[in-house]
Amino acid sequence: MSKLPEEFIRGVESVVGALGIIGDAERMHSYLSDWRNAYRGEAALIVRPASTEEVASMVRLCNQYQVAVVPQGGNTGLCGGSIPDASGTQVVLSLTRMNRICEVDATNETMTVEAGVILQKVQEAAADAGRLFPLSLGAEGSCTIGGNLATNAGGTAVLRYGNMRDLTLGLEVVLPDGQIWNGLRGLRKDNTGYDLKHLFIGSEGTLGVITAAVLKLYPAVRSVTTAWVALPSADAAVQLIGIIRGLCGDRLTGFELMSRQSVEFVLSHVVGCSDPFAESHPWYVLIELSDTQPDAPLNDLLELGIGEALERGLVSNAVVAGSEAQVAALWALREGISEAQNHEGPSLKHDISVPVSCIPAFIQSTDQRLREQFPGVRIVAYGHVGDGNLHYNISKPVGSDDASFKAQQEAIMHVIYDATAGFQGSISAEHGLGQAKRAAARLYKDPLELELMRTIKLTLDPNSLMNPGKVL
Ligand code: FAD
Ligand code: 2HG
Ligand code: ZN
């Protein structure tokens with residue numbers, strides 16, 4: 001039984017039709033909790049509009065009845081941003097029916113898509129046009145472009161191509177009052193005042209509903225080399241990236257760091273993964289070079305770089321993938337970490353960034369503090385080290401129970417975020433604030449920045465109906 005008035009429900013039906021509404025508990029279930037089951041909410045309805053006009057009518061109706069709207073894409077977000085609160089009075093607005101690729105303009109190197117298109121479909125459409133859409137992340141088979149935009153997603157190719165903000169030329173947004181802002185311009189130059197799209201990118205559904213976007217395409221990649229490298233320390237990884245970048249420039253498209261603990265979790269829990277080396281090492285990096293030329297000398301460059309690093313004692317072992325199957329096997333070791341960590345009980349996620357040069361000192365001092373204060377916790381540190389972005393995640397000590405581990409969550413978080421702040425870092429590098437880091441942002445973000453954000457929120461959404469309880 002819905003907690004909202006009957007006239008509201010009838011209004012929703014008249015906007016999206018029976019096909020666009022999910023109201024029974026069983027079918028609503030998957031929209032109400034996140035991928036890890038870390039957040040769970042209730043909703044009056046799940047509404048699935050099929051067009052921008054339907055989104056706009058829904059938002060207007062929600063305004064009329066003062067009903068809060070929680071935009072949702074693929075529901076792969078890691079901060080609970082797409083999960084409604086426990087009141088059962090909010091409406092989840094799922095964009096997944098709006099999944100059309102509207103236009104591919106290979107000459108302008110742009111693609112116009114609706115917000116509910118799955119990222120992988122965008123990558124495939126770009127490839128079909130002989131182009132590349134470079135955003136790449138573990139959830140690409142289920143996350144949507146709208147979610148990628150709303151969280152300003154990063155992933156494994158930011159080093160070369162930037163994050164979602166850098167990959168976007170235009171947006172269409174339904175504003176909190178139901179007006180449609182059509183900013184779907186495929187222009188690389190447009191200095192006619194404030195660049196409004198950047199307000200909505202990274203706003204996590206709190207300023208409006210993104211309904212479509214014009215994305216940037218790049219030349220297709222025609223040669224790729226991938227290597228798995230073992231290192232004695234995180235410091236060696238930071239030095240290695242300098243060597244490889246110096247040699248390869250923009251050909252360096254991926255440089256992912258993983259601690260032994262991260263790799264061990266994958267080896268224990270992800271079927272089909274195996275250790276490329278017979279012996280274990282404290283740290284690994286996965287390096288990817290790519291080029292638009294089919295026969296670019298990538299192997300030679302990589303071997304040169306790794307050779308120099310070996311001589312300087314920065315590398316302990318290395319293997320270059322010799323086949324596509326080996327490339328996939330190496331990436332599976334990296335991409336499997338999130339899933340593998342779920343098998344080890346609740347994971348405390350800290351998606352931090354510090355200047356790349358500070359990564360080794362951050363790891364060394366924070367590891368030490370955590371080991372002293374919380375003996376036995378397992379530190380699962382990995383991530384996009386070339387962007388200074390570490391997923392500094394924590395799993396409970398072997399044999400301890402979930403409840404006593406969760407009771408330490410706040411204290412562990414403060415150790416990690418205090419260290420992050422000490423290095424002038426950010427407590428959310430790529431996943432956003434959602435509901436997970438809303439309170440922490442109040443402690444660690446500049447008060448003036450927060451005040452400006454509140455002013456913008458109030459101006460656009462005076463009734464606070466867009467994803468309340470998230471971000472601010
Ligand atoms: P959702 O989870 O549905 O929503 C996320 C937020 O965006 C919510 O606040 C929601 O309200 C809002 N939102 C969604 N759609 C819209 C819209 N159309 N308009 C307005 N607001 C909207 N993230 C990274 O950045 N880099 C990674 O490498 C990465 N790897 C991941 C790997 C795994 C295995 C998983 C599970 C997640 C990973 N993520 C990563 C996190 C997540 O996939 C991304 O943040 C993704 O961009 C979320 O997209 P989504 O469609 O699932 O959004
Ligand atoms: C990744 O880089 C994602 O794999 C997920 O951002 C990180 O699960 C995580 O903490
Ligand atoms: Zn990541």
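For segment 348-366, give me the residue count where each residue is open to solvent by less than 10 Å² (accessible area, probe 1.4 Å) and within 14 Å of ligand 3 (Cβ to nearest atom).
Total meeting the criteria: 3.
Only one of these conditions is not met by Ser347: (1) touching a Ser or Thr at 6+ places or on another chain (Cβ under 9 Å); (2) away from ligand 1 (no atom under 16 Å from the Cβ); (3) on the phi < 0 side of the Ramachandran plot. Which number is it?
Evaluating Ser347 over (1) touching a Ser or Thr at 6+ places or on another chain (Cβ under 9 Å); (2) away from ligand 1 (no atom under 16 Å from the Cβ); (3) on the phi < 0 side of the Ramachandran plot leaves (2) as the failure.
So if I check each of Asn182, Asn163, which one is farther than 24 Å from Ser82 by Cβ, of a type outside the set (Lys, Arg) and touching a strand residue (DSSP E or B) at 6+ places or on another chain (Cβ under 8 Å)?
When all the criteria are applied, what remains is Asn182.
Say whether the condition of being open to solvent by 60 Å² or more (accessible area, probe 1.4 Å), modelled with pLDDT of 95 or more, more than 22 Å from Ser223 (Cβ to Cβ) and among the acidic types (Asp, Glu) is met by at least one residue in segment 386-393.
No: zero hits.
Which pairs do you get when a residue that is near ligand 1 (Cβ under 6 Å from one of its atoms), found in segment 147-169, comes within reach of a residue that is hydrophobic (A, V, I, L, M, F, W, C) and open to solvent by less than 20 Å² (accessible area, probe 1.4 Å), reach meaning Cβ atoms under 7 angstrom, with the pair 6+ apart or on two chains?
Sorted first by the residue in segment 147-169, then by its partner, the pairs are Asn148/Leu119; Asn148/Leu135; Asn148/Met164; Ala150/Ile210; Ala153/Leu135; Ala153/Met164; Gly155/Leu135.
List every residue pair whose Cβ atoms lie under 7 Å apart, where the two residues are 6 or more positions apart in sequence or sit on different chains, the first residue falls within segment 306-335 and is within 17 Å of Glu256 (Cα to Cα) and charged (D, E, K, R), and the second residue, located anywhere, is outside any helix (DSSP H, G or I) and open to solvent by 40 Å² or more (accessible area, probe 1.4 Å).
Filtered contacts from segment 306-335: Glu335/Gly138.
Restricting to segment 32-56, what's the tally of residues that are open to solvent by 40 Å² or more (accessible area, probe 1.4 Å) and either at positive phi or more than 8 Å from ligand 1 (Cβ to nearest atom) (or both)?
8
How many of the residues in segment 185-204 are assigned to a loop (DSSP other than H, G, I, E, B), open to solvent by 10 Å² or more (accessible area, probe 1.4 Å) and either within 14 Å of ligand 1 (Cβ to nearest atom) or touching a helix residue (DSSP H, G or I) at 6+ places or on another chain (Cβ under 7 Å) (or both)?
Total satisfying the criteria: 3.
Per-residue answers, yes or no, for (1) within 16 Å of ligand 3 (Cβ to nearest atom); (2) on the phi > 0 side of the Ramachandran plot:
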site: Asn389; (1), (2): yes, no
site: Glu410; (1), (2): no, no
site: Val415; (1), (2): no, no
site: Gln424; (1), (2): no, yes
site: Ala429; (1), (2): yes, no
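Can you pull out the residues in segment 72-116 that are open to solvent by less than 10 Å² (accessible area, probe 1.4 Å) and either without any contact (Cβ under 8 Å) to a residue 12 or more places away in the chain or within 16 Å of ligand 2 (Cβ to nearest atom) (or both)?
Correct list: Cys79, Gly80.
Output yes when any residue across segment 451-472 is away from ligand 1 (no atom under 16 Å from the Cβ), open to solvent by less than 30 Å² (accessible area, probe 1.4 Å) and not aromatic (Phe, Trp, Tyr), and no when none is.
Within segment 451-472, not a single residue is away from ligand 1 (no atom under 16 Å from the Cβ), open to solvent by less than 30 Å² (accessible area, probe 1.4 Å) and not aromatic (Phe, Trp, Tyr).
Every residue in segment 431-442 that is in contact with a Leu (Cβ under 9 Å, 6 or more places away or on another chain) and either within 16 Å of ligand 1 (Cβ to nearest atom) or open to solvent by less than 50 Å² (accessible area, probe 1.4 Å) (or both), please.
His431, Gly432, Leu433, Gly434, Ala436, Arg438, Ala440, Ala441
May I ask you to list the residues in segment 241-281 that are out of contact with any His (no Cβ under 7 Å at 6 or more places or on another chain) and in a strand (DSSP E or B)?
Selection gives Leu252, Thr253, Gly254, Phe255, Leu257, Met258, Ser259.
Got a sec? Which of Ala328, Ala407, Ala309 is among the hydrophobic types (A, V, I, L, M, F, W, C) and more than 24 Å from Cys248 (Cβ to Cβ)?
Exactly one residue qualifies, and that residue is Ala407.
Do the conditions hold for Val158, that is, is it within 27 Å of Glu54 (Cα to Cα) and either surrounded by 18 or more Cβ atoms within 10 Å (Cβ to Cβ) or within 16 Å of ligand 2 (Cβ to nearest atom) (or both)?
In short, no.
Of the residues in segment 423-461, how many are in contact (Cβ under 8 Å) with a residue 24 or more places away in the chain and not polar (S, T, N, Q)?
The qualifying residues number 20.
The values are calculated or read from the model by the stated rules, or taken from the named source; none is laboratory data. Quick caveat, the model's predicted, so the values are computed rather than measured. Counting neighbours? That spans all protein chains shown, and the Cβs are built from the backbone with ideal geometry, glycine included. These area figures cover heavy atoms from the full protein model, side chains too; ligands, DNA and RNA do not enter into them. Shrake-Rupley method; radii C 1.70, N 1.55, O 1.52, S 1.80 Å.
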